[in-house]
Structure formats: structure tokens, C-alpha cells
1. For SER42, all conditions in the list (1) at pLDDT 95 or above; (2) surrounded by fewer than 19 Cβ atoms within 10 Å (Cβ to Cβ) hold save one; what is the number of the exception?
2. Restricted to the range 164-190, and to residues that are assigned to a helix (DSSP H, G or I) and buried (at least 20 other Cβ atoms within 10 Å of the Cβ), which residue is nearest to the chain's Cα centre (by Cα)?
3. Applying the selection to the range 23-54, what residues are more than 17 Å from the chain's Cα centre (by Cα) and in a strand (DSSP E or B)?
4. Does the range 160-200 hold any residues that are in contact with a His (Cβ under 9 Å, 6 or more places away or on another chain) and either within 23 Å of VAL123 (Cβ to Cβ) or of a type in the set (D, E, K, R) (or both), and which are they?
5. Based on what the data block shows, is LEU107 assigned by TED's automatic domain parsing to the domain that holds SER243, closer than 24 Å to THR163 by Cα and more than 20 Å from the chain's Cα centre (by Cα)?
6. Give the residue that is farthest from ALA193 (Cα to Cα), with candidates limited to residues of the range 142-157 that are surrounded by fewer than 16 Cβ atoms within 10 Å (Cβ to Cβ) and over 27 Å from the mean Cα position of the chain (by Cα).
7. Please go through the range 282-302 and pick out each residue that is touching a strand residue (DSSP E or B) at 6+ places or on another chain (Cβ under 6 Å) and over 27 Å from GLY189 (Cα atoms).
8. Would you check which residues across the range 71-119 are closer than 21 Å to GLY134 by Cα and in contact with a Phe, Trp or Tyr (Cβ under 7 Å, 6 or more places away or on another chain) and list them?
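The values are calculated or read from the model by the stated rules, or taken from the named source; none is laboratory data. As the structure is a computational prediction, the values presented were derived from the model and not from experiment. Backbone-built Cβ (ideal geometry, glycine too); neighbour counts: all protein chains shown.
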Amino acid sequence: MSPWSAASPGLRVAEIDTPALVLDLDAFERNLRTMSAAVVGSGMRLRPHAKSHKTPEIARRQIAAGAVGICCQKVSEAAVFVDAGINDVLVTNQIVGARKLERLAELARRARMGVLVDEPEQVRALAAALDRAGARMDVYIEVNVGGRCGVPVGDALRALAKTIAGAPALNFAGLQVYHGPAQHMRDPGERAAAIGHATDQARAARALLDSLGLPCPLITGAGTGTFRHERDSGVWDELQPGSYIFMDRDYADNRSAEGDIHFEHALFVLTTVMSRTHPARAVVDAGLKASSVDSGMPAVWQRPGLNYLKASDEHGVIAIDPSAELALGDKLLLVPGHCDPTVNLYDELVVVRGGVVEVIWPIRARGATL
């Protein structure tokens, strides 16, 4: 944790110390309203993914805008939100290990909790932990449509469903069907085709469960890049987009199709020019420890002729076109390449409205990786 804050309410953006993670509150609120109108207005449930922001204040605002609860990816992450009063949390992951299961079961005594499974051994271990804690939990079978976790539609899904049905501490809540790679397929036709395949698999999985006499209450999944297709499929009941509140450079690289729903860049890394000795380059104080580059370099926001070229631990190199001007001490806003891991680098979110710091939000689940 930093020994001091980058800002305080009332400061102008130019007075914020750097590097700092900055949220444009007006753009963020417009993104909230856009998603609420697109999903909640359709009659579907919205359960946004909190791994994108790790911030209880944002979760509270998402729920106030119509979300039924949130998703988390880790048990320790979920604990932060439950401690903050969020009482409906789905951990969209398989949880393995006695200590994690013990902690998850303890959370289930305090809030409505859900978790994913894709192996009978996970089901048995989870049920035993819940029995010891005297708790119950929602369980979703993950269907593998994106090449990561989950089971195919067939014998493995059938066996898993029967194992869940035999565990009194478990409430079979439905299916998790999430196609992660489709979120960043650049071509809109490829995204639509990928979700078309996922739709077929989700429909087949529900039919298989029906044949076992095990109704499927809910199919949940989807992300910011494809949620419109899941919403319109007639198969999904609940959607889990996360990055829509912030957006990032990688999502901006997706090509749009007619009918796509657009969100604004609301999350930025503020950085300062710390060296200007070369005519065609400058060095800023935001490097690898200030912005994740797993999805590529950040983009310089609204400054034509400036290009973030490369990063080292604490330095970023900006290429300067001859037509552009940049001086020592100038501040730049960067659009992160990937918002989720960038947020995880910071202790606080500097929330700005109209160019003035309005509030500081602690990123309380930052680093919650267990």
C-alpha cells in the first residue's frame, strides 16, 4: 500500500500525483445506464463481474442500477465484497483445496453464494465443507464452450448433475456457459458465430438435464464483447459483463456490427513526462507497474501524434510525431490495454467529475488472489 494518496477531493486533474488510476465518473455513470437499459430493460438478470473493478463502491452502484448481485473469481475477492455488505455473490471458478472450501462455506453462512463445478470430486469436497459449516450453496455446472474449464455436453455433465442432486447441502442453480475467447474476436461475424455455437451447446445441456428430470433454473454467462448475442439468444437468463464500466484499449480494437451497444472509455492511467531529452521520444512515469500490457500497450488519450511505444518497470516511452508537442512535466491520460489487471496494480481509484477530483474509492479487493 502506498504511504500516501495520489490525490484528495477538490484537486484538479493536473494536480494529481502520478502514476494514478483515474475514473471519469460521468462516463462511468453513462456506461452503467447503458448496460442497465440494454440488459435489465430486456427482462434478463444482470450479474456484473467484479474482478474488473475489485471495488465495493462500484458493486453497490451496479446493484443500485438493477444488478441482482455480482460475480467474483476468487474466494478472497468474494470475502471482501461480502464484508462490504454485498449479499449475493457467484464465484465463477472451480474451488479446490480444503482451506479455500472452508472459507467459502463460511461465506455461505453470511450471504447467498454460488460456485462452479466441472468434476464430481469438487462436488463431494464442497458438500462436505458445507455440511461441516452447516451451510448451503448454489452450484452451477460449467459447460466448456471456450476451451478452458467446464464439461462437454454428454456423459460427464450427466454424472456431475447426478452427484449434485445427491448432496443435500447443494442447490443446483443452473449452468455457467461463458465463451471467453469470443470477447476479443475482432471480427463481429466471428463473435456472432462463436456465441451461436455456445448457444447450441447451452440449449443441448439444458435438454439433457430435462431428460434426467433435473430442471435447469438458470443459464448464466456472457461478457462485454458478446453480451448482446447471449441476451438475444432466448437461452441465457443472466449476463455477466465486467469491463463495460471502464472499457480498455483492447475492447476498442473490436470492430462493431450493426446493433452493437457501445460504451465509453472511463478508466485512465494518469502519467507525467519525466524525461524529454530526445526530439522524437519522451519518457513517462507509467511503466509495467502502472498499466498491464498483456493485451498490448496503452493508448494515449486524445493527444494526436503521441504513441506509447514500450514499457519497462517504471518507465514508458512515448513516440512523438513531428507535428505534436510534449514538454517535461506534461501529464497524459493513458487508456490501459487491459483494464482488469491494471486495476489490480492500484490501492485506490481517483474519481473525477468535470476535471476535478470528487472522491477516492479504495480498491479493497486488490491483490485478493486466494
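1. It is condition (1) that SER42 fails.
2. Looking at the filtered set, the residue picked out is GLN183.
3. Within the range 23-54, ASP24 is the sole residue that qualifies.
4. Answer for the range 160-200, where residues must be in contact with a His (Cβ under 9 Å, 6 or more places away or on another chain) and either within 23 Å of VAL123 (Cβ to Cβ) or of a type in the set (D, E, K, R) (or both): just ARG191.
5. yes
6. ASP155
7. If the condition is that a residue be touching a strand residue (DSSP E or B) at 6+ places or on another chain (Cβ under 6 Å) and over 27 Å from GLY189 (Cα atoms), then ALA282, VAL283, VAL284, ASP285, ALA286, GLY287, LEU288, ALA290, SER291, VAL300, TRP301 are the ones that fit.
8. Across the range 71-119, the qualifying residues are VAL89, GLY114, LEU116.
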